[in-house]
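Visitor: Take this structure first; my questions come after.
The values are calculated or read from the model by the stated rules, or taken from the named source; none is laboratory data. This is a predicted model, so every value here is computed, not measured. Neighbour counts are summed over all protein chains in view; Cβ atoms, including those assigned to glycine, are modelled from backbone coordinates with ideal geometry.
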Amino acid sequence: MSDRRRGMDGILVVAKDPGFTSHDVVALVRRLTGTRRVGHGGTLDPFASGVLPVFLGLATRLVEYHMADTKAYRATVCFGSTSETDDRDGELVRGSGEAPTREAVESALVEFRGPILQRPPAYSALKVGGRRAYQLARQGKPLELRPRAVTIHRLELEEWDASDPDRPTAVLEVECGAGTYVRSLARDLGERLGCGAYLGALTRTASGPFKLAAAHPLDEIRGAAAAGEPALAALLLPIDAGLDAISEAVLTDSEVAAASRGQQLKPAHRPSLEEGTRVRLLAEDRALIGMGSWKDGRLVPDKIFVAAPPPAGTTAGPRGTEGGSDGAEGATREAPMGAGHSTEPRLRVVDPRNRMLVVPGIDALGPELGRLYLAVGVFDGLHRGHQYLLRELRRAAQRAEARPAVITFDAHPEELIEGIAPPLLCDPDERLVRLEAAGVGVTVVQHFDHALRTTPYDAFVAAIRERVDLAGFVMTPDAAFGFERGGTPATLTALGEEAGFAVKVVPSFLSNGEQVRSSEIRRRISAGDLAGARALLGRSVGVTGRLTGEPKDSAVGVEFELPVSLPPSGRYEALVGPAWKLGRRPEPASVHAMAAAANGKVQLEFAGDVPQAGDVRIVWIRTAAEAGPG
């Protein structure tokens, strides 16, 4: 292929063979196409075959719009035995009841059509207390998972085989909504008939608009890759294939330019849409330029696929594009490190007079803090999107004669929800320093536990209002907090109208048309894309660790108390300086070192004196290869 680094954009509909996991298919497609960003549109069990849509490049940003797609299956149900996994891969146990007749099966199918409650298999990927259900089941600790509401749109018996009268089989045609387990359907049908049953074979014949007849076998994909990039690209569907059911809005050239900057629009061709409707944003030539939603009579861009043009007379892009002024007043704007850059730039401070108060949890709030305008979030990394939100928080607080305040957490919510914390982009102490520098007057560090996770948003807000004068919240359109993310901009606005506080919703901060997220920065760091991570952070990537042990040949190891986001194994040019603590002036990293990263560990090599043991900040600059000789 001519440009492996670029990769491809589009949807590849794969006809998966039995024996492959969905992850296997994604890995193969990633390797054959040279595309880093690859994902699939719905897991198929290893023993199953059929349609597996695989999304490449820009198309991965549209996977969420296919998650609710209806699926169709051809399922072989074997009666007379049960399986611990509800399919043929588990240990089979002979059932005790009489084998059913075809007529009995057809009669029982009626009960499974339409909306039903279905208990997921014990061997499933659902998470319980942060662990996968199948992991617990393999340890001999299977759980009775809570039934879930699913919908079976069509369920018909197509073939019946009673050649073994004690163990007949049925081939069923199934069309169902998202979240349905065909294994559970087989199990429940056997329980209903009193004889037991399990899933013997499964072929997905359709996933939303993607059909098996148009899917490509893996051998065909391998052959196309061997023939060259044009042959492989010819197998791809456009990134917006299958989204025709989503409403559209056709934009003028000037509206496309505005949308590419993340601006909300009142389009010249006003669509007739209900509030909150998803919208495909199209250029006048009907090319997809983004996805958005219709809110308060405006089109709100959510995802943009075109670059924003620079304003006339400038060389930098507008807000939300690389190189432009993003309004992130608390961020450090850096040039790439190299010759002539002996230290890290100093932290930019919005108001040197500001002295932020740190409050240990909502219960410690009190009326002496005055009137507060709040933003709620983890704020890991204090990246450009966070800085933009905090700027809007300061402005809203000033207009409301309130103090800008933040509620953040002492642990990442994913640690409780997923069972493992994501690697940090910013040390907790450094996060406080950066919040103060961004002009935050009060930061509430709330303990995140199961009780908080299950607290409804209105109870969370009530706990705040009992203790302080709440002026309002600043949020982006996709922000939410409280149990099951019930505290959305819409629900909080309605609550605020009753309770007397405001909710200011500001557009999401976009960089090159995509919302800046901590998860994407972590991905870039782990992939070794330090420049890309720096573009989203607004500064060079840094971590805080502790120098340990006696230096050997001007080298010393670094330990990390918390999981931190590290680049891949290799050697890097770095700057080292003292760790940042609130109440102490943050000193830029200025001591040059070579950092060797390997398997989550770091060793620093210094040309001169080795700093004394203790906490340090390590700022990654570039790889040793990029630094060049000397």
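Visitor: Out of the helices (runs of 4 or more DSSP H) lying entirely within region 451-564, which hold 1 or more residues that are assigned by TED's automatic domain parsing to the domain that holds residue 403, without any contact (Cβ under 8 Å) to a residue 60 or more places away in the chain and more than 25 Å from the chain's Cα centre (by Cα)?
Guide: 457-465, 489-499
Visitor: Being of a type in the set (Gly, Ala, Ser), modelled with pLDDT of 90 or more and not assigned by TED's automatic domain parsing to the domain that holds residue 562 is the requirement here; does residue 339 meet it?
Guide: Criteria not met by residue 339.
Visitor: Here is a list of conditions, (1) of a type in the set (A, V, I, L, M, F, W, C); (2) more than 16 Å from residue 121 (Cβ to Cβ); (3) part of a strand (DSSP E or B), and residue 202 meets all of them except one; can you say which number that is?
Guide: Checking residue 202 against (1) of a type in the set (A, V, I, L, M, F, W, C); (2) more than 16 Å from residue 121 (Cβ to Cβ); (3) part of a strand (DSSP E or B), the one that fails is (2).
Visitor: Turning to a different aspect of this structure: When the residues of region 561-613 are filtered to those that are touching a Gly at 6+ places or on another chain (Cβ under 7 Å) and of a type in the set (Gly, Ala, Ser), which remaining residue is nearest to residue 353 (Cα to Cα)?
Guide: Here the answer is 589.
Visitor: Would you mention how many residues in region 103-146 are at pLDDT below 80 and charged (D, E, K, R)?
Guide: 6
Visitor: Just one of (1) within 26 Å of residue 54 (Cβ to Cβ); (2) touching a helix residue (DSSP H, G or I) at 6+ places or on another chain (Cβ under 9 Å); (3) not aromatic (Phe, Trp, Tyr) trips up residue 228, so point out which.
Guide: For residue 228, the failing item is (2).
Visitor: Can you pull out every residue in region 31-41 that is over 15 Å from residue 233 (Cα atoms) and crowded, with 23+ Cβ neighbours inside 10 Å?
Guide: Passing the criteria: only 41.
Visitor: Something else: For the structure I just gave you, tell me whether residue 452 is modelled with pLDDT of 95 or more and touching a strand residue (DSSP E or B) at 6+ places or on another chain (Cβ under 8 Å).
Guide: no
Visitor: Somewhere in region 593-603, is a residue assigned to a loop (DSSP other than H, G, I, E, B) and at pLDDT below 90?
Guide: Looking for residues that are assigned to a loop (DSSP other than H, G, I, E, B) and at pLDDT below 90, one finds at least one in region 593-603, hence yes.
Visitor: Still on this model: Counting residues that are hydrophobic (A, V, I, L, M, F, W, C), which strands (runs of 3 or more DSSP E) fully inside region 6-87 reach at least 3?
Guide: 10-16, 49-56, 71-79
Visitor: Further, regarding this structure: Could you say which residue among 620, 580 is part of a loop (DSSP other than H, G, I, E, B), buried (at least 20 other Cβ atoms within 10 Å of the Cβ) and at negative phi?
Guide: Exactly one residue qualifies, and that residue is 580.
Visitor: Another question about this same structure. Is region 394-405 home to any residue that is in the same structural domain as residue 441 (by TED's automatic domain parsing) and touching a His at 6+ places or on another chain (Cβ under 9 Å)?
Guide: Within region 394-405 (the criterion being in the same structural domain as residue 441 (by TED's automatic domain parsing) and touching a His at 6+ places or on another chain (Cβ under 9 Å)), the answer is no, since none of the residues qualifies.
Visitor: While we're on this one: Of the residues 238, 271, 217, which is over 21 Å from residue 515 (Cα atoms) and at pLDDT below 90?
Guide: When all the criteria are applied, what remains is 271.
Visitor: Among the numbered criteria (1) surrounded by 14 or more Cβ atoms within 10 Å (Cβ to Cβ); (2) modelled with pLDDT of 95 or more, which one does residue 99 miss?
Guide: Of (1) surrounded by 14 or more Cβ atoms within 10 Å (Cβ to Cβ); (2) modelled with pLDDT of 95 or more, only one is false for residue 99: (2).
Visitor: Search region 304-325 for residues being in contact with a strand residue (DSSP E or B) (Cβ under 6 Å, 6 or more places away or on another chain) and buried (at least 20 other Cβ atoms within 10 Å of the Cβ), and hand back the single one that is modelled with the lowest pLDDT.
Guide: Once the filter is applied, the top-ranked residue is 320.
So that you can scan it fast, the table gives a plain yes or no per residue for (1) in contact (Cβ under 8 Å) with a residue 40 or more places away in the chain; (2) charged (D, E, K, R); (3) part of a loop (DSSP other than H, G, I, E, B):
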residue: 173; (1), (2), (3): yes, yes, no
residue: 185; (1), (2), (3): yes, no, no
residue: 206; (1), (2), (3): yes, no, no
residue: 220; (1), (2), (3): no, yes, no
residue: 225; (1), (2), (3): yes, no, no
residue: 230; (1), (2), (3): no, no, no
residue: 240; (1), (2), (3): yes, yes, yes
residue: 249; (1), (2), (3): yes, no, no
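Visitor: Given the conditions (1) under 30 Å from residue 439 (Cβ atoms); (2) touching a strand residue (DSSP E or B) at 6+ places or on another chain (Cβ under 9 Å), which single one is not true for residue 595?
Guide: (1)
Visitor: What is the residue count in region 88-104 for residues that are closer than 30 Å to residue 211 by Cα and either of a type in the set (Lys, Arg) or outside any loop (DSSP other than H, G, I, E, B) (or both)?
Guide: Total satisfying the criteria: 2.
Visitor: In region 187-199, which residue that is in a helix (DSSP H, G or I) and crowded, with 19+ Cβ neighbours inside 10 Å is farthest from the chain's Cα centre (by Cα)?
Guide: 193
Residues checked against (1) within 30 Å of residue 195 (Cβ to Cβ); (2) surrounded by 18 or more Cβ atoms within 10 Å (Cβ to Cβ); (3) touching a Ser or Thr at 6+ places or on another chain (Cβ under 8 Å); (4) not small (Gly, Ala, Ser):
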{"site": "16", "(1), (2), (3), (4)": "no, yes, yes, yes"}
{"site": "55", "(1), (2), (3), (4)": "no, yes, no, yes"}
{"site": "61", "(1), (2), (3), (4)": "no, yes, no, yes"}
{"site": "103", "(1), (2), (3), (4)": "yes, no, no, yes"}
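Visitor: Next question, about the same structure. For the condition buried (at least 22 other Cβ atoms within 10 Å of the Cβ) and either farther than 30 Å from residue 159 by Cα or out of contact with any helix residue (DSSP H, G or I) (no Cβ under 9 Å at 6 or more places or on another chain) (or both), what is the one hit in 28, 12, 44?
Guide: Exactly one residue qualifies, and that residue is 12.
Visitor: Follow-up question, since we're still on this one. Of the residues 254, 260, only one is within 26 Å of residue 385 (Cα to Cα) and within 29 Å of the chain's Cα centre (by Cα); which?
Guide: From the options 254, 260, the qualifying one is 260.
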